[in-house]
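Single-structure report; data block below.
Read the figures in this text as sums done on the coordinates, not as results from a lab. Quick caveat, the model's predicted, so the values are computed rather than measured. As a convention, Cβ positions derive from the backbone with ideal geometry for all residues, glycine included, and neighbour counts pool all protein chains shown.
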Amino acid sequence: MPRVDSQKFYSSAIDKYGITAKGVNWHSKESQKIRFDIILEMLPDKLSSYSIADAGCGFGDLYLYMTKKKRAPREYIGIDSLADMYSIASERTGCEILIADICKESLPAADYYVCSGAMNVLEEFETHLFVQNCFNACRVGFIFNVLHGEKKSETYNYITTAQIEQMAEHLGVKKVVFRDDYMQDDITVLFLKEAI
């Protein structure tokens with residue numbers, strides 16, 4: 001069973017906060033931007049040469065942020081499991097948005113997969129499936145942020161560095177890059193298919 005009912009978790013936030021960072025259960029717009037900046041730092045400089053799939057794209061905020069920063073990819077595909085997110089992201093980005101359960105369904109190929117926050121309410125096993133599916137579907141690498149540490153929570157999923165390293169080993173990741181210097185209890189990880 002999922003840690004929480006994603007449909008209720010996000011629908012109630014949208015009802016309460018609308019199409020905002022809090023509407024996708026971010027603590028604030030500022031914390032969302034910090035995480036986006038770290039993802040952008042880990043992506044190649046010439047993003048216009050690459051395709052990106054955003055796993056758990058929510059309202060399409062990452063794409064809008066990339067565009068604002070003049071770092072739009074050659075192609076952007078948003079993927080979310082909720083119909084509300086699909087409708088809103090489609091309208092806001094004008095890009096291809098897919099409805100899919102990332103833990104279970106086959107995913108489209110893209111140079112990079114990115115995920116910001118979407119794994120924070122998954123069970124440990126689901127997190128492994130999510131990471132595995134995104135890594136298998138990417139050509140170059142998968143960048144994701146998760147809550148980091150040993151904390152136990154009824155709602156949120158915290159992962160240790162050792163657990164991330166185990167996942168990388170299991171998936172045959174050639175190079176792992178960690179960033180945990182930007183916010184307490186948060187880590188951004190890059191899994192690369194080749195050790196560049």
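Numbers at a glance
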{"item": "Number of positions in segment 133-175 that are assigned to a loop (DSSP other than H, G, I, E, B) and farther than 27 Å from S51 by Cα", "result": "10"}
{"item": "Which numbered condition Y182 fails, given (1) in a loop (DSSP other than H, G, I, E, B); (2) within 21 Å of I79 (Cβ to Cβ)", "result": "(2)"}
{"item": "Candidates L82, L62, L47 - the one that is touching a helix residue (DSSP H, G or I) at 6+ places or on another chain (Cβ under 8 Å), surrounded by 14 or more Cβ atoms within 10 Å (Cβ to Cβ) and touching a residue at least 60 places away in the same chain (Cβ under 8 Å)", "result": "L82"}
{"item": "Answer residue from segment 185-196, given it is part of a loop (DSSP other than H, G, I, E, B) and of a type outside the set (A, V, I, L, M) and is surrounded by the fewest Cβ atoms within 10 Å (Cβ to Cβ) among those", "result": "E194"}
{"item": "Count of segment 118-131 residues which are assigned to a helix (DSSP H, G or I) and in contact (Cβ under 8 Å) with a residue 12 or more places away in the chain", "result": "7"}
{"item": "From the options C115, C134, C103, residue that is without any contact (Cβ under 8 Å) to a residue 40 or more places away in the chain, closer than 22 Å to V173 by Cα and under 13 Å from the mean Cα position of the chain (by Cα)", "result": "C103"}
